[in-house]
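Colleague: Questions regarding the structure given below will be posed in turn.
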Amino acid sequence: MVRRNEAKMNNRHQTKKRLSGLLWTLLLLTIFLAGLLIWTVLNIPRPLPSLSRETAEYLAMSGVNNPVTAVLLNFRGYDTMLEVMVFLLGAMTVWSITHAPFPARVANPSPVQATAVRLLTPLVCLIGGYLIWQGAYQTGGAFQGGAVLSAGVVLLLISDFIWVPRMHSLPLRLGMAVGPLLFVILAIWGVITEGSLLKLSPENAWAYLLFLEAGCGISIGLTLAAFFAGGRPLGDLREEPYKADQDDGEEG
């Protein structure tokens with residue numbers, strides 16, 4: 001017994017040493033990164049460089065009247081394309097890990113909550129669509145509108161509407177992929193017609209960006225809702241339907 005206790009004490013001591021070394025390493029790394037950020041901020045040139053004059057000069061060629069939208073979707077559209085791709089990759093990662101932990105049965109939802117969600121969901125969709133549309137003229141756009149649309153989906157998820165967990169994954173997959181797909185199509189179209197990646201003709205840029213904003217808004221809204229759900233829904237692509245009781249039995 002004495003030898004066993006001594007062995008346990010030694011193991012604990014060694015474990016504490018390892019954790020202590022790891023914590024010190026993380027602490028030093030954090031201090032280094034914080035110092036690097038502080039040094040970078042202090043060495044930013046003054047006055048700050050600005051491209052506002054160039055943006056205003058070429059704003060008429062972007063197809064929109066809002067300079068922020070012009071930069072994000074036209075002048076530096078490849079940045080936004082990569083951001084949308086990262087959103088899609090994140091959703092794919094979440095779906096590859098597990099199923100969404102939806103209950104097998106509806107747990108007697110409150111009639112007040114259910115009625116409120118039924119009234120608010122169409123209004124949320126209307127506000128999200130308006131934000132996407134007005135991004136061409138003033139503050140708004142796909143990210144803002146998509147965030148509002150995701151809030152509407154989250155309301156449905158937390159209100160125990162039985163048809164939401166039973167939705168097949170194919171429409172959701174297509175909805176989350178429509179934004180990145182439109183970006184890729186526009187990138188290829190720009191190479192074919194204008195000889196440059198994501199370069200849009202000034203005459204038709206407004207129509208292209210309108211479709212792009214709508215597609216990205218839908219993709220961002222569904223992707224954020226997928227993050228909240230925490231897993232993939234019912235599978236309809238080479239996968240058996242999800243049964244909560246069966247998965248719980250396997251884990252136990």
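The values are calculated or read from the model by the stated rules, or taken from the named source; none is laboratory data. Source: prediction; values computed, not measured. Positions of Cβ are generated from backbone atoms using ideal geometry, with glycine treated the same way; all protein chains shown enter the neighbour counts.
Colleague: Take Thr69 and decide whether it is more than 29 Å from Leu212 (Cβ to Cβ), in a helix (DSSP H, G or I) and hydroxyl-bearing (Ser, Thr, Tyr).
Modeller: no
Colleague: Listed residues Gly129, Gly146, Gly141; which is at pLDDT 80 or above and on the phi > 0 side of the Ramachandran plot?
Modeller: Just a single option satisfies the conditions, and that option is Gly141.
Colleague: Report yes if some residue within segment 46-57 is at pLDDT 80 or above, more than 30 Å from Met176 (Cβ to Cβ), in contact with a helix residue (DSSP H, G or I) (Cβ under 8 Å, 6 or more places away or on another chain) and exposed (fewer than 10 other Cβ atoms within 10 Å of the Cβ); otherwise report no.
Modeller: Yes, segment 46-57 has at least one match.
Colleague: With (1) surrounded by fewer than 13 Cβ atoms within 10 Å (Cβ to Cβ); (2) within 27 Å of the chain's Cα centre (by Cα); (3) free of Cβ contacts under 8 Å to residues at least 60 places away in the same chain as the list, and Leu36 as the residue in question, which single condition is left unmet?
Modeller: Failing condition for Leu36: (2).
Colleague: Just the residues that are of a type in the set (Ser, Thr, Tyr) and modelled with pLDDT under 80, please, taken from segment 110-126. Give the derivation first.
Modeller: Looking only at segment 110-126, we keep the residues that are of a type in the set (Ser, Thr, Tyr), and these are 110, 115, 121.
Hit for segment 110-126 is Ser110, nothing else.
For (1) surrounded by 13 or more Cβ atoms within 10 Å (Cβ to Cβ); (2) outside the structural domain of Gly135 (by TED's automatic domain parsing); (3) touching a strand residue (DSSP E or B) at 6+ places or on another chain (Cβ under 7 Å); (4) at pLDDT 75 or above, each residue gets a yes or a no:
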residue: Phe32; (1), (2), (3), (4): no, yes, no, yes
residue: Leu59; (1), (2), (3), (4): yes, no, no, yes
residue: Ala91; (1), (2), (3), (4): yes, no, no, yes
residue: Arg105; (1), (2), (3), (4): no, no, no, no
residue: Asn108; (1), (2), (3), (4): no, no, no, no
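Colleague: Considering Phe211, Phe183, Phe227, Phe161, which residue is closer than 30 Å to Pro111 by Cα and either buried (at least 19 other Cβ atoms within 10 Å of the Cβ) or at pLDDT 80 or above (or both)?
Modeller: It is Phe227.
Colleague: Right, here's the next one. When the residues of segment 139-158 are filtered to those that are over 13 Å from the mean Cα position of the chain (by Cα) and assigned to a helix (DSSP H, G or I), which remaining residue is surrounded by the fewest Cβ atoms within 10 Å (Cβ to Cβ)?
Modeller: Restricting to residues being over 13 Å from the mean Cα position of the chain (by Cα) and assigned to a helix (DSSP H, G or I), the top hit is Ile158.
Colleague: Also: For segment 109-134, name all the residues that are touching a residue at least 12 places away in the same chain (Cβ under 8 Å) and within 20 Å of Thr223 (Cα to Cα).
Modeller: Thr121, Val124, Cys125, Ile127, Gly128, Gly129, Tyr130, Leu131, Ile132, Trp133
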